[in-house]
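Reading through the C-alpha cells given below for one structure.
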C-alpha cells in the first residue's frame with residue numbers, strides 16, 4: 001500500500017515515530033467488537049432508524065502492521081514529512097484519513113487537516129483539523145462530528161481534547177441518539193468529560209431540548225456511553241394517583257463493585273409526605289442476594305396508629321454444586337393497609353400475604369431432604385397463620401429394587417407454633433411400594449402406601465386430646481392406554497390420539513376431627529384432582545375414598561411437525577361409598593361443627609379444552625358441570641387472537657359458592673399496533689355479579705427511532721379491609737392513576753416502568769431493551 005512514487009524512502013526514525021503514534025491506544029480497550037473496516041459515514045446504530053448499520057465484528061491481525069498511503073509524500077528535512085492528497089494512516093483498529101498530514105519529529109507533533117475521518121474501537125469522528133502530541137498521546141480535534149461506537153449516542157462539538165489519561169473532554173457539544181436531520185431530542189452541554197474505559201460521561205450546564213424547545217436544565221448529569229453500569233443519579237419518575245396525589249421519585253444508583261450495587265430513592269407523595277427507599281443486590285458464584293426497604297416516618301393521611309409506615313423484603317438464593325440449594329424470603333409490613341395505600345407504581349394494591357421463610361435442601365438420585373422455618377404474615381384477616389419452627393422432610397427413592405418393584409419412603413417432622421390457637425408437633429411417615437408395568441401403548445401402576453401420623457397437641461381450650469396417632473393404608477391403581485390414528489378434518493390432516501385413563505383409589509374411613517387443622521385445606525377441583533390420593537392438601541386430613549376416576553383425552557397433532565393443535569379432556573370420579581371425613585374440629589372453645597356426609601354418587605364432569613387449529617387463534621377453557629344440580633360450578637373460557645402487531649383476549653370466569661358470593665367476571669384485553677410508530681393498549685375487567693368494573697386501563701405507545709413514550713390511565717378496585725376481612729366504610733373503593741414512561745433511546749428511561757405483559761396475553765414490550 002506504500003505509494004511512494006519516486007520519492008526518497010522515509011528515514012527509519014520517522015517510520016518508528018509513525019508506529020509509535022498509531023500503536024498506542026488513543027481511547028484504550030483493544031478487545032472491542034468494532035470492525036476496522038467500519039464505514040466512514042456517521043449513520044447511527046439504533047435499529048429502527050433508517051440507514052443504520054451495525055459494524056462488522058473485529059477480525060484481529062496476528063501482527064498489527066502500520067499502513068500509510070498518500071498521493072504525494074514530501075520530506076522537508078530530516079525531522080519533517082508531509083503527506084498530501086488522500087492521506088491514509090492505518091494501524092490495527094485505528095484509521096485516519098485526511099487531505100494533508102504532517103509529522104514533525106523534532107516536536108513529536110502530528111497534524112492533519114482537511115476532510116478528516118478517524119475511527120478506533122470507541123469513537124468515529126469527522127473534523128476540519130486534528131493535532132496530536134505523540135509523546136503524551138494528547139490531541140485536539142476541532143469542528144467535529146462524532147459517534148460512540150459501542151453506545152447509542154452521536155453528536156457534534158466545537159472541540160474534542162484527547163487527554164493523557166485516555167479520557168476525552170468535549171466542549172460546546174450537543175448529543176442525541178436520533179439520526180442526522182431528525183434530532184427529536186438533543187442534550188446541549190458546555191463540556192462533557194468522557195471516560196471510554198469506564199463507559200461514563202459527565203456533563204455540565206446541560207439543557208434537554210425536544211423538537212428544539214428547551215424542556216429541562218441540569219447543572220450536572222452523568223450517563224453511560226455503553227451498556228456498563230455506573231454510579232450517579234438516575235432520571236426522576238413522575239406520576240399521579242387519587243390516593244397519594246402527585247408522586248415524584250428521585251433515585252441514586254451506586255455501582256459498588258462488579259458483583260454488587262445499590263439504589264437509594266427519595267419518593268415525594270404530595271398527600272402523604274416523603275418516603276425513602278433502598279435496594280441492595282449482590283451476585284456471587286453461589287448466591288443471589290437482594291434487600292429492599294421503604295420507610296415513611298410520618299404519613300399525613302395515615303390513621304393515628306399507622307403514621308409510621310414501612311415495608312422490607314430480603315431475598316437470597318444459594319446453590320452449591322448439583323445437590324445443595326438454599327432460599328431465604330423475609331418480608332414484613334407495618335400495617336394491613338400498606339399495600340392498599342402504597343401498592344406500587346402500576347401493580348395492584350390488593351396484596352394480602354407476605355412470605356417469610358428460610359429453606360435448605362439436598363437432592364440426589366435416591367435422597368431428597370428439605371429443612372424449613374416459616375412465619376408468614378397475613379393482612380386483613382382475623383387470624384395469623386401457623387409458624388413452622390421447623391419443618392424437616394426426607395424422601396428416600398429406590399426405583400426397581402426387585403423385579404420391577406419401586407420403593408419410596410417419605411418422612412416429615414413439623415412443629416406448628418401459634419400465639420392463640422392449638423399448637424402441635426406432627427410426625428409423618430409414609431412408606432410405599434409400587435409395581436409400574438409399562439409398554440408402548442399404555443401402563444398399569446398398582447401402589448400401596450401406609451400413612452402414619454402422630455400429633456402432640458397443646459390446646460388452650462382443652463377440647464382436643466394431647467396425643468393422637470393415625471395409621472391408614474392407601475391403595476391406588478393407575479392405568480392408561482394410548483391409541484393413534486390419522487384423520488382428515490376438512491382440508492387438514494392430523495394425527496389423533498385417544499388416551500383413556502382409569503384411576504382407582506381406596507382409603508378407609510377414619511374419624512379425624514380430634515386433629516386440628518395446621519396446613520390443610522380442600523383442593524380445588526380440576527382434571528389433576530381426579531388422580532390425587534388425597535382430596536385435601538397437607539396431612540391433617542386423609543380423605544376416605546372408594547372411587548374410580550375416569551378420564552379420556554384426545555390430542556390432534558400436525559403429522560409433519562408434531563405440533564399439538566387441539567387437546568380435549570373429559571373426566572369425572574365415581575364414588576362407591578359416601579365420604580365421611582371433613583374439615584371439622586373443635587376450635588375457639590366450641591365443639592366441632594357437624595359438616596355432614598358427602599353422599600354424591602359422582603363428582604362434577606370436568607372438561608378441559610385447548611384449541612389452536614389456526615396459527616393466530618386459540619381457545620382455552622376448563623369447566624366443571626354438576627349434572628345433579630344441572631349447572632356449571634366453575635369455569636374459565638378464553639378466546640385469544642395473537643399476531644404480529646395485534647393481540648386480542650376475551651375471557652369469562654365463573655365460580656359458585658352455594659349461592660353466596662358467587663364470582664362471575666368478564667375480561668377484554670388488547671394490544672393494537674395502529675402504525676409502525678403508534679400502538680393502542682387496554683384492558684377491561686367487569687364483575688358481572690355486582691355489575692361493576694374491577695379494573696380498567698387504556699394507553700397509547702409511540703415509538704420513533706430515537707425516543708418513545710407510553711401513557712396509561714388506570715382505574716382499579718382496591719378495597720380497604722379490616723382484620724375480619726370486611727370492607728371499611730367511608731373509604732374509597734377505587735384508585736385512579738396516570739402512568740407515564742418516556743424513553744430517550746441510548747440515554748435514559750424517565751417515568752414508571754409498566755409491566756403490561758402480565759395483563760395482556762400476547763403483548764410484546766418494545767420498550768424493554770431501552
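Here are a few things to note about the model shown:
- Nearest-0.05 FRET efficiency for residue 613 and residue 662, computed from C-beta distance (R0 41 Å): 0.80
- By average C-beta atoms within 10 angstrom, highest first, the peptides 85-97, 563-575: 85-97, 563-575
- Of interest is the spacing of the C-alpha centroids, which for region 157-233 and region 514-566 amounts to 60 Å.
- Ordering of 332-342, 399-409 by packing [mean C-beta count within 10 Å, highest first]: 332-342, 399-409
- Label sites at residue 429 and residue 214, each approximated as a point 7 angstrom past Cα along Cα to Cβ, lie 8.3 nm apart.
- At an R0 of 22 angstrom, the distance between the Cβ atoms of residue 475 and residue 401 translates into a FRET efficiency of 0.70.
- Computed over the Cα atoms of region 100-153, the ratio of the radius of gyration to the Kirkwood radius (Rg/Rh) comes to 1.02.
- Calculated FRET efficiency, residue 362 to residue 644, Cβ-Cβ distance, R0 = 45 Å: about 0.45 to the nearest 0.05.
- Relative contact order of region 418-631, taken over Cα pairs closer than 8 Å and 6 or more residues apart, is 14 percent.
- Multiplying the residue separation of residue 355 and residue 172 by 0.36 nm and removing their Cα-Cα distance gives an extension gain of 60.5 nm.
- Three principal axis extents describe the C-alpha atoms of region 418-631; from largest down they are 72, 39, 32 Å.
- Region 440-514: radius of gyration and largest Cα-Cα distance (Dmax), Å: 23.3, 72
- Summarising the label geometry, the points placed 7 Å from Cα in the beta-carbon direction at residue 514 and residue 108 lie 9.7 nm from one another.
- Cα-based radius of gyration of region 350-439 once divided by 2.2 N^0.38 Å, which approximates compact folds: 1.47
- Cα centroid of region 613-661 to Cα centroid of region 480-500, whole Å: 25 Å
- Ordering of 552-562, 221-231 by packing [mean C-beta count within 10 Å, highest first]: 221-231, 552-562
- Percent breakdown of C-alpha pair distances by 5 Å bin, ordered from the shortest bin, for region 66-143: 3, 16, 25, 30, 19, 5, 1, 0
- Note on residue 135 and residue 242: their simple-model spin labels are 7.5 nm apart, each label 7 Å out from Cα toward Cβ.
Coordinate-derived values only; no laboratory data. What you are looking at is a predicted structure, and each value in this text was computed from that prediction instead of being measured. All Cβ positions, glycine included, derive from the backbone under ideal geometry; neighbour counts span all protein chains shown.
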